[in-house]
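Report on the following structure.
Each reported figure results from applying straightforward, stated rules to the coordinates on display, with no laboratory input. Please read these numbers as outputs of a predicted model, since none were measured by experiment. Neighbour counts run over all protein chains shown; Cβ positions are idealised from the backbone, glycine included.
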Amino acid sequence: MALEDAKNQMDHAFTRDDPRGPSFELTFGGATSFLRRRYTKDLTDVDIAVTGVPFDQAVTNRPGTRLGPRAIREASSLQAPDAPYGWPFDVLSERTIIDYGDVAFDYANIPAFPDTLTAHIRGILDAGAASVVLGGDHYISFPILKAYAEKHGPMSLIQIDAHTDTWADDDMSRVDHGTMFYKAVKSGIVDPATSVQIGIRTTNEDTLGVNIIDAPEFHRIGPAAAAKRAREIVGDRPVYLSFDIDGLDPAFAPGTGTPVWGGLSSAQAAALLRGLAGINIQGGDVVEVSPPFDTTGATAIAGAHVATEICQLLGWRMRGGA
Ligand code: MN
Ligand code: MN
């Protein structure tokens, strides 16, 4: 499709024939799927399924991330016409990416939610696609990781976050966005020794053996060195990348539930993600985007860029890193 098509083609979310390639429809109009990919529940020959999880019932402070998937989709419409900047290839043209819509769940039956989400992701993985999840609060990464671990065994986690989210959950039953990685490590679905948390700047004495590049160290060594160290930690093991948008400084991502000062700039996050090219990434998520607190829309814009970069990292792995 060409720029000229913007005059007579709209709503690629349900009208596009070719699942690959850019989209030149009016960025400010039309149905807003993620990056104007086709909305479909058909996973045949799909490389990457982008799926929304509008769940925010596990938060400790400000809510609102149930509105995150919608806001990220809308913010992504400005990126749809062009290849992601600075890469030697364009995953949108090279791979079949679809918008799988959102997971269905009973908002009033929270105990049933984890298994519902695990089954949703399992369906995507069983079809041979990778999932990129638009959250939702960070709890959702736990049921997602369960599905990944069923397929790959214990995952190596790369987590960008202000918080470790490994606070203790002794009976392992809480639906809490601050304890789910405790459960993930204790239940063996995340391998701590080959996992790394980047941007941490809240106190939690027990690391559970997870490697940490905290925010002060990140600022000292810079994004390229942090990415290099992360690549060394995960090696060639299967990686799940979880990006809590509060890893960014509140100046760049104010629209989130538990903001903490001293975080990454968006430029540093972009360089960090680009520097991870070559990891054996199998899937990822961007979580904790809360539109009601996102006064400028900057947080949703950052979320859309992060999700796009995760797609590029997946595309890089799928092409064998060449
Ligand atoms: Mn956080
Ligand atoms: Mn988190």
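Output the antiparallel fraction of DSSP beta bridges having both residues in the chain, as a percent to the nearest 5.
Numbers: 0 of 35 bridges.
Just about 0 percent of them are antiparallel.
If contacts are Cα pairs under 8 angstrom and at least 6 residues apart, what is the relative contact order of region 174-320 in percent? Mind showing how you got there, number by number?
On the way: 227 pairs, mean separation 31.9, N = 147.
Averaging sequence separation for qualifying contacts and normalising by length gives 22 percent for region 174-320.
Given a cut-off of under 8 Å on Cα pairs at least six residues apart, what relative contact order in percent is computed for the chain? Intermediate values should be presented prior to the final figure.
Working: 740 pairs, mean separation 61.2, N = 322.
That works out to 19 percent.
Using a 10 angstrom cutoff on alpha carbons, build the Gaussian network for the chain and name the most mobile of GLY153, GLY29, GLY86.
It is GLY86.
Round to a whole angstrom and tell me the spacing of the C-alpha centers of region 84-159 and region 244-322.
Cα centroid to Cα centroid, the span is 15 Å.
Where Lys and Arg each count +1 and Asp and Glu each count -1, what net charge lies around GLU150 among other residues with Cβ under 11 Å from its Cβ? Please report the intermediate quantities before stating the final value.
Values: positive: ARG122, LYS146, LYS151; negative: ASP126.
After counting each charged neighbour, the total is +2.
Just rank ILE48, ILE110, fewest to most, by other beta-carbon atoms within 10 angstrom. Don't jump to the answer; show the numbers that get you there.
Working: ILE48 24, ILE110 14.
So the ranking, lowest neighbour count to highest, is ILE110, ILE48.
Fewest Cβ neighbours within 10 Å first, please rank MET155, MET318, MET172 accordingly. Present the calculation step by step, with values, prior to reporting the outcome.
On the way: MET155 26, MET318 15, MET172 11.
Fewest-to-most ranking of MET155, MET318, MET172: MET172, MET318, MET155.
In degrees between 0 and 90, to the nearest 10, how far off the longest principal axis of the chain does helix 141-152 point, with axes built from Cα atoms?
80 degrees
Per q in 0.13 1/Å, what log10 I(q)/I(0) does a Debye calculation on the alpha-carbon atoms of region 22-139 return?
-0.55
Can you put THR194, THR166, THR15 in order, fewest other beta carbons within 10 Å first? Write down the numbers at each step before the final one.
Details: THR194 21, THR166 26, THR15 12.
The fewest-first ordering by Cβ neighbours comes to THR15, THR194, THR166.
May I ask for the net charge around ILE221, where only other residues with Cβ less than 12 Å from the Cβ of ILE221 are counted and Lys, Arg are +1 while Asp, Glu are -1?
Working: positive: ARG220, LYS228, ARG229; negative: ASP214, GLU217.
Once all neighbours under 12 Å are counted, the net charge is +1.
Normalised radius of gyration for region 2-318, please: alpha carbon Rg relative to 2.2 N^0.38 Å, two decimal places.
On the way: Rg = 18.0 Å, N = 317, 2.2 N^0.38 = 19.6 Å.
In units of the globular-protein estimate, region 2-318 measures up at 0.92.
Of ALA193, ALA227, ALA130, which is the most mobile in a GNM of the chain whose springs link Cα atoms less than 10 angstrom apart?
Ranking ALA193, ALA227, ALA130 by mean-square fluctuation puts ALA193 first.
Which loop trypsin sites (Lys or Arg not before Pro) in region 21-122, with loop taken from DSSP, have no more than 14 other Cβ atoms within 10 angstrom of their Cβ?
Values: sites: ARG36, ARG37, ARG38, LYS41, ARG66, ARG70, ARG73, ARG95, ARG122; in loops: ARG37, LYS41, ARG95.
Loop-located and lightly packed - LYS41.
Over all distinct Cα pairs, what is the inverse of the mean 1/r for region 131-200, reported as the Kirkwood hydrodynamic radius in Å? The partial results should precede the final answer.
Values: mean 1/r = 0.0821 Å⁻¹.
In region 131-200 this quantity evaluates to 12.2 Å.
Run lengths n ≥ 4 of DSSP H only: what is the helix-derived mean residue ellipticity at 222 nm for the chain, with -39500 (n - 2.57) per run over all residues, to the nearest 500?
Values: 9 runs with 101 residues, N = 322.
Here the helix-only value at 222 nm equals -9500 deg cm²/dmol.
If I histogram all Cα-Cα distances within region 179-322 using bins 10 Å wide from 0, what percent of pairs lands in each bin?
All Cα pairs, binned at 10 Å, distribute as 12, 41, 38, 9, 0 percent.
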